[in-house]
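The values are calculated or read from the model by the stated rules, or taken from the named source; none is laboratory data. All values reported here derive from a predicted model rather than from experimental measurement. Please note: Cβ atoms are built from the backbone with ideal geometry, for glycine as well, and neighbour counts cover all protein chains shown.
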Amino acid sequence: MRLVNLFSYAVLRFRSERWIPCLIVAVALAPSLALAYDQPLKMLATSMADKIAAAGKKNVAVVDFTDLSGNVTELSRFLAEEISVDLTNVA
């Protein structure tokens, strides 16, 4: 029984020591990753708003994106929401 506890401790310690540096790097890069998608989406919304205005449209619907199988994912919902908010802010 003691050997099992010792083994469990060793496995947990190894896992935590391996993931702590990865977690630190992920937290450090999080702000720059957030900016990595924000600016291109704002540029897309600005371009879309210009084209929508040029076409004389006053109402626009932004729907969730789908994958090749027609499924809606959390990422597609997130992107649709971000584009919708950016379009509202640009107009």
Residues within region 35-73 that are in a loop (DSSP other than H, G, I, E, B), surrounded by 13 or more Cβ atoms within 10 Å (Cβ to Cβ) and under 15 Å from the mean Cα position of the chain (by Cα), tallied: 3
Selected residue [touching a Ser or Thr at 6+ places or on another chain (Cβ under 6 Å) and not small (Gly, Ala, Ser)] from ASP64, ASP38: ASP64
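Hey, does region 74-89 have a residue that's outside any helix (DSSP H, G or I) and either surrounded by 11 or more Cβ atoms within 10 Å (Cβ to Cβ) or at pLDDT 90 or above (or both)? Walk me through how you get there before you give the answer.
Filtering region 74-89 for residues outside any helix (DSSP H, G or I) gives none.
Scanning region 74-89, I find no residue that is outside any helix (DSSP H, G or I) and either surrounded by 11 or more Cβ atoms within 10 Å (Cβ to Cβ) or at pLDDT 90 or above (or both), so the answer is no.
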